[in-house]
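Notes to accompany the following structure.
The values are calculated or read from the model by the stated rules, or taken from the named source; none is laboratory data. Remember, it's a predicted structure, so these values are computed and weren't measured experimentally. When we count neighbours, we look across all protein chains shown, and the Cβ atoms used for this are built from the backbone with ideal geometry, even at glycine. For the accessible areas, the whole protein counts, side chains as well, though only heavy atoms, and no ligand, DNA or RNA atoms are used. Shrake-Rupley method; radii C 1.70, N 1.55, O 1.52, S 1.80 Å.
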Amino acid sequence: MSLSNFWYAVEHSVTLQEKPISLTLLDQRYVIYRDSQRKAHALVDRCAHRGASLGEGWVEGDCIRCPYHGWSYDSSGSCVRIPADREGTPIPNRARMNSLPIQETNGFIWIFPGQPDLADPALIPPFPEFGQNGWRPVHGEYIWNANFSRVVESGLDTSHAPFVHKPFFPNRDDAVVHPLDVNVTDHHVSTYVQLKPPKRLGLLKYIIKKDRDYSSSVLTGYLPCINRIAIDFNWRGYQYIYFASNIPVSDNLTLTKWIGVRNFLTQAWGDNNSMKNTIETYQEDKAVVESQPSTPSWVTQGEDLLLASDQLILAYRKALAKATMSEAVKS
């Protein structure tokens, strides 16, 4: 399954500052950095000289320098200076590293590790609430010892909340999932779900003044590894939207970079509660996700017994298989 021809959100925009950042995506190492104009760039993270990590180096003007022997690379990946050579010595043609298409939007740095001519920025998943007035963001990251597909599917699961997230959803005896209307495109799958409302814990006790018949969520999976969970508390339009990039570091290691935005309690003092709820939800999901097989979910497709409540997960698996096969043909 070819996963290279997709956009990947690999870092928060606010995290990439003066120092280059080395990262691993699909078992390959890349480096991202900002030039003198604050524009972001991405290269394969391996000096052409002897393979040292450019991520341990530094930026001078518009070039990144290797920490081992000081070789300088411009944003195209071409080496433009070798300090050990006398002035005027030609720089070998092989003294270059591949550059990658890169975009900075929605609070993330996105790179495209596949064929550059397929890197259409319009295919980057939308996050229209980010940066808008009335929405307060928090962000973070965490690690899963699991394949990225298992992580994505945990965010598309419509029936696990009463059993995994017990503090908020203690209704084990009322966990029926009503028929789902699943929307499928070439780039994402989504559905709308109504649930018994979560218990009013933490700050929810103070902002939601009465019990409600339900809360709702729109669950979306953007191919290959983005979760968007839009929660509507069914009270005065209050919403919390979780947007997560589940980065496939390797087959069985996933690094999630996430941003959550809320349109209630938009002062800074409310951030800790949002962070706490998101992290505790991750820890609850982590315990069960890491107990599943370490293989990609599509490997166990024939063994898994999927039911009507799993329609969104099945749609994700089919859409991912279709997209990756299509990209393999293009490659």
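Observations
- Relative to the current alpha-carbon distance between TYR68 and ASN272, full extension at 0.36 nm per residue lengthens the span by 69.3 nm.
- Percentage relative contact order, the chain, counting C-alpha pairs under 8 Å, at least six apart: 19 percent
- Against the criterion of solvent-accessible heavy-atom surface with a 1.4 angstrom probe, PHE108, PHE130, PHE264 sort, most first, into PHE130, PHE264, PHE108.
- The accessible-area ordering, largest first, of the residues TYR238, TYR316 stands as TYR238, TYR316, per a 1.4 angstrom probe.
- Of ASN272, ASN93, ASN246, the one that fluctuates the most in a GNM where the chain has Cα springs shorter than 10 Å: ASN93
- Comparing mean-square fluctuations of ARG29, ARG317, ARG38 from a GNM of the chain with C-alpha springs under 10 Å, the top value falls on ARG38.
- Working note: 222 nm ellipticity from helices only, DSSP H runs with n ≥ 4, each -39,500 (n - 2.57), summed and divided by the residues of the chain, gives -5000 deg cm²/dmol to the nearest 500.
- Charge context of LEU54, other residues only, Cβ under 9 angstrom, K/R +1, D/E -1: 0
- In Å², nearest 10: area of VAL184 left accessible to a 1.4 Å probe: 80 Å²
- Within the shell defined by Cβ-Cβ distances under 12 Å, the residues around GLN301 carry a net charge of -2, with Lys and Arg each +1 and Asp and Glu each -1.
- Under 5 Å, built H, 5+ apart or other chain: amide partners of ASN234: SER216
- If R0 equals 30 Å, the separation of the Cβ atoms of MET325 and ARG38 corresponds to a calculated FRET efficiency of about 0.20.
- Built amide H within the under 5 Å cut-off of VAL80, gap 5+: SER72, TYR73, ASP74
- About its Cα centre, the chain has a charge dipole of approximately 640 debye under the convention of +1 per Lys or Arg Cβ and -1 per Asp or Glu Cβ, with nothing else charged.
- For the range 1-70, applying the loop criterion from DSSP together with a ceiling of 16 other beta carbons within 10 Å to the chymotrypsin sites (Phe, Trp or Tyr not before Pro) yields TYR68.
- Using a Förster distance of 41 Å, the FRET efficiency for THR295-ASP120 (Cβ separation, nearest 0.05): 0.85
- Shown are TYR73, TYR242, whose ranking by accessible area with a 1.4 Å probe and every protein chain present, most to least, is TYR242, TYR73.
- Selected from PRO92, PRO67, PRO121 as most flexible by GNM, with the chain as the system and alpha-carbon contacts under 10 Å: PRO92
- Degrees, to the nearest 10: 271-289 long Cα axis against longest axis of the chain: 90 degrees
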